[in-house]
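Below: one structure, written as structure tokens.
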Amino acid sequence: MEWLTAGRWSPYAVGLGIGILCCFTFMLSDKAIGCTTAYARTSGMIERLFRGARVVERPYFQKFRPEVDWEWMFVVGIVIGSFLSASLSGHQRAEWVPETWAAAFGPSVAGRWLAACAGGVLMGFGSRWAGGCTSGHGISGTLQLALSSWLVTASLFAGGVITALLIY
Amino acid sequence: MFSVLHRAKRTQMVLGLMAGVVFGFLLQKGGATSYDVIIGQLLLTDFTVVKIMMSAVATGMVGVHLLRTLGLATLHPKPGSLGSSIVGGLLFGVGFGLLGYCPGTVAGAVGEGRLDALFGGVVGILMGTWIFAVLYPRLQRSILVRGDFGELTLPELVRTNAWAVVVPVSCLIAVALLILERAGL
């Protein structure tokens, strides 16, 4: 069982696994894997805590109701799966500032937190603007040969590469 | 064939969770839950993420189209438009470069104990999706429908059988991966 406790697997083995997983979700659940509607629904659930049922008056929350669905469970599963994998290999951590970030911008937690938060806001906003993310468009959409997904994937990598090269 | 299963709500919730566990496990084992690996990809020094994605897409593309040909799966291509797909992708990309995780890998990063992912990334993404929900009625009437092409797929675009695209695209991906390995990346 050494492969379960290994720190890293070949990217090709991982990719093959994800491809097979996609086949199963299409077949058994009639679903393509994706992540961002779960965040949109959760933001609606949080708003509901403050504003009550009026939240569903927003047209976007009529389209993506603030409730738990398949994709929401999928994202929760990702946290659990990664926790299991990291625990098995002893790579579980409690880390605020990643190595590469610290080497370039110093060990300040506040600096990393601000950048992560700002990046998260833009990414959350952009993901709903584009109708999907690196999973929903980047993997599930491109494998279905959707035009939208190939355009989004090219644009998001272009934006990401340019931004990373500019800040580093 | 699986339509009864597709309608079984509770079972589907469990299946969603299980699929997520497998996905998260694979992402972590592949290193894709690490900021350093993802930012390495965006800085074009570490091609792990591209290798994972390309091999997943090639495998899934052949598999899902095979299932579709056998009548065991239905495709769900997402609709898009130039205004939505390109502008949205670029906005996402800028956030991607700053955060260094995507909405899926950030959940995996939380699972392995990365606090910048939890308190920065997840919180930020929740705020971003909420801001979009608030602005949606206005955006929906303007930029999001600019250059709309609906649920068009590449085979439909060039008016051909899906396999006439699946086979060459998966071969191209294999060649691209081979070139990456040859180049020592």
- Task: Give me the accessible area buried between chains A and B, both sides summed, with a 1.4 Å probe, in Å² rounded to the nearest 100.
- Result: 10300 Å²
- In terms of the charge dipole of the protein assembly as shown, which places +1 on Lys and Arg and -1 on Asp and Glu at the beta carbon, the residue among B:99, B:176, B:47 farthest towards the positive end is B:99
- Item | Cα shape, chain B, gyration tensor, a/c 1.5 rule | rounded
- Entries in A:31/B:9; A:31/B:51; B:29/B:78; B:51/B:78 that, when Cα-Cα distance is taken, lie over 18 Å: A:31/B:51; B:29/B:78; B:51/B:78
- Query: Ignoring ligands, DNA and RNA, how do B:138, A:54, B:114 rank by accessible area with a 1.4 Å probe, largest first?
  - Reply: B:138, A:54, B:114
- Query: Using a simple charge model, +1 on the beta-carbon of Lys and Arg, -1 on the beta-carbon of Asp and Glu, nothing else, what dipole does the protein assembly as shown show about its Cα centre, in debye to the nearest 20?
  - Reply: 860 debye
- Rounded, prolate or oblate: which one fits region A:1-93, using the alpha carbon gyration tensor with axes a ≥ b ≥ c (rounded when a/c is under 1.5, else prolate when a/b beats b/c, else oblate)? oblate
- Message: I'd like to know which of A:55, A:9, A:84 lies farthest towards the positive end of the charge dipole of region A:1-93, counting +1 on Cβ of Lys and Arg and -1 on Cβ of Asp and Glu.
- Response: A:55
- Item | Cα-centre dipole for region B:80-151 with unit charges at Cβ (Lys and Arg positive, Asp and Glu negative), debye to 20 | 240 debye
- Query: Rounded, prolate or oblate: which fits the protein assembly as shown, taking a ≥ b ≥ c as square roots of the Cα gyration tensor eigenvalues, rounded meaning a/c under 1.5, else prolate when a/b beats b/c?
  - Reply: rounded
- How much area per residue is accessible in region B:80-151 when the probe is 1.4 Å and only protein heavy atoms are counted (Å²)? 33 Å²
- Say each of residue B:9 and residue B:138 gets a label point 7 Å from the Cα, pointing the same way as Cα to Cβ; how far apart are those two points in nm? 3.6 nm
- Task: Give me the percent of the accessible area of chain B that comes from carbon and sulfur atoms, probe 1.4 Å, all protein chains in place.
- Result: 70 percent
- Message: I'd like the distance between the alpha-carbon centres of region B:111-150 and region A:102-168, rounded to an integer number of Å.
- Response: 11 Å
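The values are calculated or read from the model by the stated rules, or taken from the named source; none is laboratory data. On a predicted model such as this, the values are computed, not experimentally measured, just so you know. Neighbour counts are summed over all protein chains in view; Cβ atoms, including those assigned to glycine, are modelled from backbone coordinates with ideal geometry. Heads up: the accessible areas ignore ligands, DNA and RNA and are worked out on the full protein's heavy atoms, side chains in. Shrake-Rupley method; radii C 1.70, N 1.55, O 1.52, S 1.80 Å.
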